[in-house]
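Working notes for the structure below.
The values are calculated or read from the model by the stated rules, or taken from the named source; none is laboratory data. The structure presented is a predicted model; accordingly, all values stated were derived computationally and were not measured. Glycine gets a Cβ as well: all are built from the backbone with ideal geometry, and neighbour counts include every protein chain shown. The area values use the complete protein model at the heavy-atom level, side chains included, leaving out ligands, DNA and RNA. Shrake-Rupley method; radii C 1.70, N 1.55, O 1.52, S 1.80 Å.
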Amino acid sequence: MTDCIFCKIIAGEIPSCKVYEDSEVLAFLDISQVTAGHTLIVPKQHARNLLDMTGEDSSRLFARVPDLARKIMKATGAIGMNIIANSEEVAGQTVFHTHVHLAPRYGNEDGLKIDFTTHEPDFTALNELASQIRQA
Ligand code: AMP
Ligand code: ZN
């Protein structure tokens, strides 16, 4: 028995609107539909989020993303897509089974707001930060 809602969807214990399935991944419509066609793709093997996965496991998940994204766009007529993986609570993760959101975009007024605030670049600070990340 698992408490994980996406493991239950994968096991067929609770219903979902499936859009793609193979031996390693399942994709289904997000119940909240931030935009029409909003889809989640998840690995069948439980992992908390991308931060908890190996490169190999995550690459098998992401290998399915471009084809799935194009299928969703073809079906919906969307003109772009936000592809997002919220990882940990501070980043907005509410379901702790790795999932990638595919949110079709139809225009600036389609209801989805993603706001990366821009700042004036401080190249000294950027170089220092890049160096810290390289060495981590
Ligand atoms: P996140 O906030 O990134 O963890 O995203 C979790 C997503 O799962 C939300 O967009 C929810 O709408 C979606 N969700 C939760 N329960 C279900 C469900 N039973 N079927 C489909 N989507 C779900
Ligand atoms: Zn799970």
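Quick notes on this one:
- Among (1) within 13 Å of ligand 2 (Cβ to nearest atom); (2) surrounded by fewer than 16 Cβ atoms within 10 Å (Cβ to Cβ); (3) under 15 Å from the mean Cα position of the chain (by Cα); (4) farther than 23 Å from VAL90 by Cα - the single one ALA63 does not satisfy: (1)
- Unique match (being surrounded by 12 or more Cβ atoms within 10 Å (Cβ to Cβ) and over 12 Å from the mean Cα position of the chain (by Cα)) among THR35, THR39, THR54: THR35
- Residues that are within 16 Å of ligand 2 (Cβ to nearest atom) and part of a strand (DSSP E or B) do occur in segment 43-53.
- Among the residues making up segment 17-32, those that are open to solvent by 40 Å² or more (accessible area, probe 1.4 Å), in a loop (DSSP other than H, G, I, E, B) and within 14 Å of ligand 1 (Cβ to nearest atom) are CYS17, ILE31, SER32.
- Among residues of segment 85-130 being assigned to a helix (DSSP H, G or I) and more than 30 Å from ALA47 (Cβ to Cβ), the one that is most open to solvent (accessible area, probe 1.4 Å) is PHE123.
- Lone qualifier among HIS38, HIS101 - being farther than 25 Å from THR2 by Cα, modelled with pLDDT of 95 or more and in contact with a strand residue (DSSP E or B) (Cβ under 6 Å, 6 or more places away or on another chain): HIS38
- Taking each residue of segment 6-19 that is more than 14 Å from ligand 2 (Cβ to nearest atom) and modelled with pLDDT of 95 or more and looking for partners that are open to solvent by 50 Å² or more (accessible area, probe 1.4 Å) and of a type outside the set (Ser, Thr, Tyr) with beta-carbon atoms closer than 9 Å, six or more apart or interchain, yields CYS17/LEU29; CYS17/ILE31; LYS18/LEU29; VAL19/LEU29; VAL19/LYS71; VAL19/ALA75.
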